[in-house]
Amino acid sequence: MNAVIAARDPALPVQCENLSKRYDTRTVLQDLSLAIPAGAVLGLIGRNGAGKSTLIRMLLGLQLPDAGVAHVFGEPSLRLSDAVKRRLGYVPQQPDALAWMRVGDMLDFVGRMYPKWDVAFVQRALQRWQLAPAQPLAKLSPGERQRVALIRALAVTPDLLVLDEPAAALDPVARRELLREIALRAGESGTTVLFSTNIVSDLERVASHVAFLHDSRLVLNTPLDELRDRYARLVIAVASVARIPQRLPGELSRRRRPDGSCAIVVARAPHEPWPALGGDTRLDLLGLEDLFIEVTE
Amino acid sequence: MRALLRELRAALGFAARPAFLVSVWVCFMCVAAALAFLGGPGGTVVAAAIFAVAALLGGFVLGTAIPPLLADARTLCLPGRFSVLSYTGSVIGIFCLAGVVLPGAWLGWHARSGVPAMLIASGALAGLLIPRMPRATVAVIWVLVIVQAAGVPVGQWLAGSHGALGPRNDLVAVFVVLALVASFSWWPVLRGDAAALEAAAIFARRRYAGGGDAATLAGKPHASFGVTVRTGRSSSAARVIRTFLGAPYAPLSGRLQLRLLLSLALVVGALTAWSSWRSSWHTGWRVGIMAWLAFAWLSFAARLAVLRHMNGERAELALLPGLGDASAQRRALYRASLGPPLLIVAAAAPLAAAAAFRESVPLAAIIAAGFWLASTVLLGVSYIAAVLAKSTAPKIYGTSAALLATMLAIWWLHGSAYNLMFPGPLGWILYLPVAWAAVALVIYARRLASYPHPLVLP
């Protein structure tokens, strides 16, 4: 997954270059570039208000960026053709469209627009998630509404599935089933998945790649397998703090702790050694959650 | 200054937007003041009715803005609170002057019966209490106030004089006040804590209300799909968009269309019958046509609000295959959103012609009526273009409120019982906002055309 993209690649399901967005005086995204390879499951994580939903909307052409371009399957996302739209499944954070219809009617109506609509999956999923087709959407709870939206997105048999905090309103059982479904789709059908979340354990379960969105930039973007090998925290004791350089190679974040010691998160290239500081320096290999907290706190 | 304005906007919500303040006050206060001080066929009570709406708006701003501001200043120690409070003080002062002092002074000078006082008091009270009421109650009160206000000119005309009114109108005014008092939630006041924040929360809920509740108004969710949506015909892009918009836009089955039409016929018929019974068959026709047009624009335009939700119909439609390229989508959006209301407006034309024929109305009055009808269409189209071109919720309020307020003012004065024409220069001054709506239409249509696709969020 390249942070910098030289040219547009039609084989890449999603790519964007130098996306920027400001809301009034606040910069949400700044020169953000990203490419998701086919078959990847990219988990996008960031603190509340970091700009995850804005990024997703701009990647899909739902919102105008102030600068930069995004492409979906090689087409500009602001001018997607029907052929590309048919390969897309999208679940917004709070799906509230077509609330005046019943569950079954809505799925039936929307399904007519998609040639690969999976009717059998719809029936199975409705039964499994205990959703009555005759139930009006307006009367469903937020979690149930989100399940219906997931069914609608998955029934498209998408090549690219984009989920904006899909598990936010789901109970633990439904969340586990959703993750299983995502893993199944990615593993068996090669579906590319982009999902944003605040739940780190979800990422660890299904994601093949993770990206941290912080301070309007992607501060980390890497395959999950390489995470433990490439990122670590150096804890420098109080006595040695004065000796450390202004900036270490591969430094991602630096934080003074209440006891006066200093914690620095560093990244290294594969097979390269960690920065050697000597003295009272401790090296901690970080789990995903610790790494996220260190980088974004 | 910018930070101050931002804080003020956060506290006051849409009410602090200049477009909203200026447009609505210009519309209502100019008309009311002109009627009150320059005179005219509307006389005392029509002026009072329009003043009442102005007072309602002023009260609404005060009732909405003051509690959160005070709460912020007192409990949250809002930075810059003194400047905010000072600035707010001047805003409130303007509202008091325009919405309370001016009508009050005029009332003291001109009041001839209890009705003008009741109307203005009801308006101000309703405005103050609206931020504390549940949504359904608010809707009922708005309807009551508007019906009352619209009913006054008709009632006055029926009474055959320009000042005195029958006891029934007094009674209606009393009912409005009683309804306000009865529907007010007194418990938070008695409890005395957190009332301000609760008011702000209610206000926020109403501003960002989702399609859920609105969808059940006419969506008939209990009907099955086979009955609800016509499936036999080919799915054109405009047809798909109408389905996404929901009722009354949705292409409903014959049975449901009949139900909706019957509901409309009941309301319009009741108004027509009441007017006919009180006065004459001719008046009944006029009132019926006005109600018909009001339904055509207000019910459809209100439904377009679903396009403003980021996670709703707009996003779904943008990613739905089969709607064509950007220009095809734009055409389909216009066709879908304008088609049904324009059809209903067009259906009013033969009714108006029949009424004119029966009454042997002079040519000048027919031309004026045509102009009035065209103005109504222009205002409606401008409103729809504004909704489509501006997608974020708060920005739309200024324009839409001004357009709807202008439409109401024109309906009241030109579509009322005064032969569809208001004599003198005042009548033509009223059409200045119509010219403004034409300019707004061009601006919004160009803006929509400049987007890569019409469903994108700016």
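The values are calculated or read from the model by the stated rules, or taken from the named source; none is laboratory data. The model shown is predicted, which means the values in this text are computed figures rather than measured ones. Cβ placement follows ideal geometry from the backbone for every residue including glycine, while neighbour counts extend to all protein chains displayed. With ligands, DNA and RNA removed, areas are computed over all heavy atoms of the protein, side chains included. Shrake-Rupley method; radii C 1.70, N 1.55, O 1.52, S 1.80 Å.
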For the stretch A:127-149, what are the residues that are more than 14 Å from chain B (Cβ to nearest Cβ) and in a helix (DSSP H, G or I)? A:Q127, A:R128, A:G143, A:R147
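Just to verify a result, which residue in the stretch A:57-104, among those that are among the hydrophobic types (A, V, I, L, M, F, W, C) and in contact with a Phe, Trp or Tyr (Cβ under 8 Å, 6 or more places away or on another chain), is farthest from A:V122 (Cα to Cα)?
Pass one, the stretch A:57-104, residues among the hydrophobic types (A, V, I, L, M, F, W, C): A:58-60, A:62, A:64, A:67, A:69-70, A:72-73, A:78, A:80, A:83-84, A:88, A:91, A:97-101, A:103.
Next, from what is left, pick out any that are in contact with a Phe, Trp or Tyr (Cβ under 8 Å, 6 or more places away or on another chain): A:60, A:64, A:84, A:97-98, A:101.
Numbers: A:L60: 24, A:L64: 33, A:V84: 22, A:A97: 18, A:L98: 17, A:M101: 16 Å.
Checked the stretch A:57-104; the qualifying residue farthest from A:V122 (Cα to Cα) is A:L64.
Considering only residues that are acidic (D, E) and either within 14 Å of B:R242 (Cα to Cα) or modelled with pLDDT of 80 or more (or both), which ones fall in the stretch B:312-369?
Residues satisfying the conditions are B:E313, B:E316, B:D325.
Which of the helices (runs of 4 or more DSSP H) found entirely inside the stretch A:46-121 contain at least 2 residues meeting this: open to solvent by less than 10 Å² (accessible area, probe 1.4 Å) and farther than 18 Å from A:L154 by Cα? Working first, answer last.
Values: elements: A:52-59, A:82-85, A:103-111.
Ranges flagged: A:52-59.
Go through B:R335, B:R330 for me and flag whichever is out of contact with any strand residue (DSSP E or B) (no Cβ under 7 Å at 6 or more places or on another chain) and either within 14 Å of another protein chain (Cβ to nearest Cβ) or crowded, with 19+ Cβ neighbours inside 10 Å (or both). Let's see the steps before the verdict.
Numbers: B:R335 fails: either within 14 Å of another protein chain (Cβ to nearest Cβ) or crowded, with 19+ Cβ neighbours inside 10 Å (or both).
Result of the check over B:R335, B:R330: B:R330.
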Consider the stretch A:122-155. How many of its residues are over 22 Å from B:V306 (Cα atoms) and surrounded by fewer than 16 Cβ atoms within 10 Å (Cβ to Cβ)? 7
Check on A:R79, touching a residue at least 60 places away in the same chain (Cβ under 8 Å), over 28 Å from A:G187 (Cβ atoms) and among the charged types (D, E, K, R): no
Please enumerate the residues belonging to the stretch A:99-112 that are farther than 14 Å from A:E144 by Cβ, within 27 Å of the chain's Cα centre (by Cα) and at the interface with another protein chain (Cβ under 10 Å from one of its Cβ atoms). A:V110
Only residues that are more than 21 Å from B:M310 (Cα to Cα) and of a type in the set (A, V, I, L, M): list them for the stretch A:25-55, please. A:L32, A:L34, A:A35, A:I36, A:A38, A:A40, A:V41, A:L42
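Among the candidates B:P433, B:P454, single out the residue that is modelled with pLDDT of 55 or more, more than 23 Å from the chain's Cα centre (by Cα) and crowded, with 20+ Cβ neighbours inside 10 Å. Break it down stepwise before answering.
Details: B:P433 fails: more than 23 Å from the chain's Cα centre (by Cα).
From the options B:P433, B:P454, the qualifying one is B:P454.
Among A:E188, A:E165, A:E181, which is the only one that is within 25 Å of A:P115 (Cα to Cα), charged (D, E, K, R) and crowded, with 16+ Cβ neighbours inside 10 Å?
Working: A:E188 fails: crowded, with 16+ Cβ neighbours inside 10 Å; A:E165 fails: within 25 Å of A:P115 (Cα to Cα).
Among A:E188, A:E165, A:E181, only A:E181 is within 25 Å of A:P115 (Cα to Cα), charged (D, E, K, R) and crowded, with 16+ Cβ neighbours inside 10 Å.
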Positions within the stretch B:276-319 being in contact with an Asp or Glu (Cβ under 9 Å, 6 or more places away or on another chain), within 14 Å of another protein chain (Cβ to nearest Cβ) and of a type outside the set (D, E), in sequence order: B:V306, B:L307, B:H309, B:N311, B:G312
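Residues that are open to solvent by 30 Å² or more (accessible area, probe 1.4 Å) and out of contact with any Phe, Trp or Tyr (no Cβ under 9 Å at 6 or more places or on another chain): list the strands (runs of 3 or more DSSP E) wholly contained in the stretch A:222-297 that include at least 2 such residues. Give the steps one after another, and end with the answer.
Numbers: elements: A:231-236, A:251-256, A:262-267, A:281-285.
In the stretch A:222-297, the matching strands (runs of 3 or more DSSP E) lie at A:251-256, A:281-285.
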Taking the stretch A:54-91 only, how many residues are more than 8 Å from chain B (Cβ to nearest Cβ) and within 18 Å of the chain's Cα centre (by Cα)? 12
